[in-house]
Amino acid sequence: MNILVIGAGVIGLTTAYRLREDGHEVSVIDRRTEVAAEASRANGAQLSYSYVAPLAGPGVLAKLPGWLMRRDAPVRVSPAIDVNQWRWCWQFARACTQAMSESTTAQLLALSFLSRSLMHEFTAAHPTLAFDYVRAGKLVMHRSAMAMSRAASLLSYQRTLGSEQQALGVSDCVALEPALAQVADRFVGGIHTPGEEAGDCHRFCVGLESLLRERGVAFELGTAVRSLSVSNKGEVRAIAGSRRLDAEHVVVASGCDSAALLRTIGVRVPVYPLKGYSLTLDAVAGKAAPATSVTDFDRKVVYARLGDRLRVAGMADIVGHSSAIDVTRLATLRREAQAVFPHAGDYDAAAAWAGLRPATPRGTPIIGESKYRNLWLNVGHGALGFTLAMGSAHVLAQRMAGREPSLDDTPFSPRAAS
């Protein structure tokens, strides 16, 4: 088949890879002049296969009033005259139940574990693709006894779903990650997952682009697909400027741009941007910067070691489609990081980034065939794009080839999201 993939982030590129592995003729188009220029550029860098619980959880709604009153809250909402924002927020609120959260977590874990297996296969097959990939484990640190108790109570449930984790006291956490020693009194303990990984998503995408070009995948970068059209035969075509891009099949994998693009032919998906921020700094030698991935659960800030650099990321702002850096939010992130790892590096010299993560209200991505037989979707991965990319691409490629997917993909189908 001749297939056009719209989007050159980690989702679009892994989709192109899987489709090319199946022997299809594949081309990739993106409005940016380089790959991984948006949500894949400088994300949290954690390949967090066991931590995929959705933002929509049973305790979130109770926290929202407090978050709305704080300028430094981990989640911020700026109401806009935007029906899509209000619809998304309403659907998000409805998803904040215990039953929905547990169901979504189980579905995402199945997809993330498939992604992990496929990433391991990929890195074994392509050992020269360097992206600071490391299997260093992860510590999720808790500041309150209540939060720690709740996290520990979930361990048995997580184990039934395939996660290997253990609850540690704060002294054991410091023994595992000495960089926490100076702030040990601020935490009560943590959950350790030894199998978690980290990597530079941007470098992964750049390396994957080279691999795809070597294998005959065509790229057209710096070209925006502003609309889609439907022929008299019910076939979808992409429109770039005055050109109609002919392909037997079209895959939309363009992140936060996907919803507006799909609306041009009456396809609606509940995808809305969650703005996140990151800092990337040169890590000092020694034990001042963490080697293990660390998540500060209460502050919603993540830390990932990328070779001789440290990536710090956080925030979830529902503020529209602008990716401009809000200096106050960035200052909050810098302050939180300096409070936990004060001597990890020069925070003032850190590279700053803000990006829009394409999220669905429930937290599940949308993968599969649309109401048009030749239009396929791979969108809505939120903050888990890097983690879920390989599995999502694999499931989509299986569906496009008429094969039975490796897992039950019903929860991810476009019909389930509508």
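The values are calculated or read from the model by the stated rules, or taken from the named source; none is laboratory data. Given the structure is predicted, the values throughout are model-derived calculations rather than measurements. Here the Cβ is made from the backbone with ideal geometry for all residues, glycine too, and neighbour counts use every protein chain on show. The protein model used for the area step is the full one, side chains on, heavy atoms only, and it has no ligands, DNA or RNA in it. Shrake-Rupley method; radii C 1.70, N 1.55, O 1.52, S 1.80 Å.
Report, ordered by chain and residue number, the lysines lying within cross-link reach of residue 287, taken as a straight Cα distance under 18 Å and ignoring same-chain residues fewer than 8 apart.
Cα-Cα hits under 18 Å: 138.
State the answer as a single residue: which of 333, 292, 199 lies farthest towards the positive end of the charge dipole of the chain, with beta carbon charges of +1 for Lys and Arg and -1 for Asp and Glu, about the Cα centre.
Projecting each Cα onto the dipole axis, the largest value belongs to 333.
Say R0 is 60 Å: what FRET efficiency, to the nearest 0.05, do residue 185 and residue 232 get from their beta-carbon distance? Intermediate results must be reported in sequence, preceding the final value.
Details: r = 70 Å, r/R0 = 1.17.
The calculated FRET efficiency here is 0.30.
Decide, for region 100-188, between rounded, prolate and oblate: order the square roots of the alpha carbon gyration tensor eigenvalues as a ≥ b ≥ c, take rounded if a/c falls under 1.5, and otherwise choose prolate if a/b is larger than b/c, else oblate. Numbers along the way, then the final one.
Values: a/c = 3.02, a/b = 1.30, b/c = 2.33.
Since a/c reaches 1.5 but b/c is at least a/b, the shape of region 100-188 is classed as oblate.
Give me the net charge of residue 65's neighbourhood, meaning all other residues with Cβ under 15 Å from the Cβ of residue 65; Lys, Arg count +1, Asp, Glu -1.
Numbers: positive: 63, 70, 71, 76; negative: none.
My count for the surroundings of residue 65 gives +4.
Run the reach check for residue 233 against lysines, Cα to Cα strictly under 17 Å, same-chain hits fewer than 8 apart removed. What comes back?
371
Between residue 362 and residues 5 or more places away or on another chain, which pairs have amide H atoms under 5 Å apart, with H built 1.01 Å from N, and which residues are they?
Those qualifying (amide H under 5 Å, at least 5 residues apart or on another chain) number zero.
Take every DSSP beta bridge whose two residues both sit in the chain, then give the antiparallel share in percent to the nearest 5.
Numbers: 49 of 72 bridges.
Antiparallel bridges make up about 70 percent of those DSSP assigns within the chain.
For the chain, what's the relative contact order in percent, using C-alpha pairs closer than 8 Å and at least 6 residues apart? Write out the running numbers ahead of the final one.
Details: 906 pairs, mean separation 109.4, N = 418.
Taking the mean separation of contacting Cα pairs over the length of the chain, I get 26 percent.
Note down the relative contact order for region 171-300 as a percent, whole number, built from C-alpha pairs under 8 angstrom at least six residues apart. Write down the numbers at each step before the final one.
Numbers: 84 pairs, mean separation 29.8, N = 130.
Reported as a whole number, the value is 23 percent.
Can you give the three extents of the C-alpha atoms in region 154-269 along their principal axes, from longest to shortest, in whole Å?
So the three principal-axis extents are 66, 33, 26 Å.
Which of 97, 193, 360 moves most in a GNM of the chain, Cα contacts under 10 Å?
Largest GNM mean-square fluctuation: 97.
Ignoring ligands, DNA and RNA, what percent of the accessible area of the chain is carbon or sulfur (1.4 Å)?
Working: 9030 of 17300 Å².
Result for the chain: 52 percent of the exposed heavy-atom area is carbon or sulfur.
Per residue, how large is the accessible surface of region 1-120? Use a 1.4 angstrom probe and give square angstrom.
Details: 5110 Å² over 120 residues.
I get 43 Å² per residue for region 1-120.
Report, in debye and to the nearest 20, how large the dipole of region 147-253 comes out about its Cα centre when Lys and Arg carry +1 and Asp and Glu carry -1 on their Cβ.
Numbers: 11 positive and 13 negative charges, 120 e Å.
Using Cβ point charges on Lys, Arg, Asp and Glu, region 147-253 gives about 580 debye.
Accessible area per residue, 1.4 Å probe, Å², for region 321-372: what's the number?
Computed with neighbouring chains in place, this is 40 Å² per residue.
Reachable lysines from residue 275, Cα under 20 Å, same-chain residues fewer than 8 places away excluded?
Filter leaves 63, 300.
Order the peptides 299-309, 246-256, 231-241 from the highest to the lowest mean number of other Cβ atoms within 10 Å of their residues.
Working: 299-309: 20.6, 246-256: 23.0, 231-241: 14.1.
Put in order of decreasing packing, that is 246-256, 299-309, 231-241.
222 nm [θ] for the chain, helices only, -39500 (n - 2.57) per DSSP H run of 4+, per residue, to 500?
Numbers: 12 runs with 139 residues, N = 418.
Taken over the chain, the calculation gives -10000 deg cm²/dmol.
Sort the following peptides by mean Cβ neighbour count (other Cβ atoms within 10 Å, averaged over residues), highest first: 276-287, 379-390, 132-143. Walk me through the intermediate numbers first.
On the way: 276-287: 18.2, 379-390: 28.0, 132-143: 20.6.
Peptide ranking by packing, descending: 379-390, 132-143, 276-287.
Name the residue from 117, 95, 134 whose Cα lies farthest towards the positive end of the charge dipole of region 95-165, charges +1 on Cβ of Lys and Arg and -1 on Cβ of Asp and Glu.
The residue sitting farthest along the positive end of the dipole is 95.
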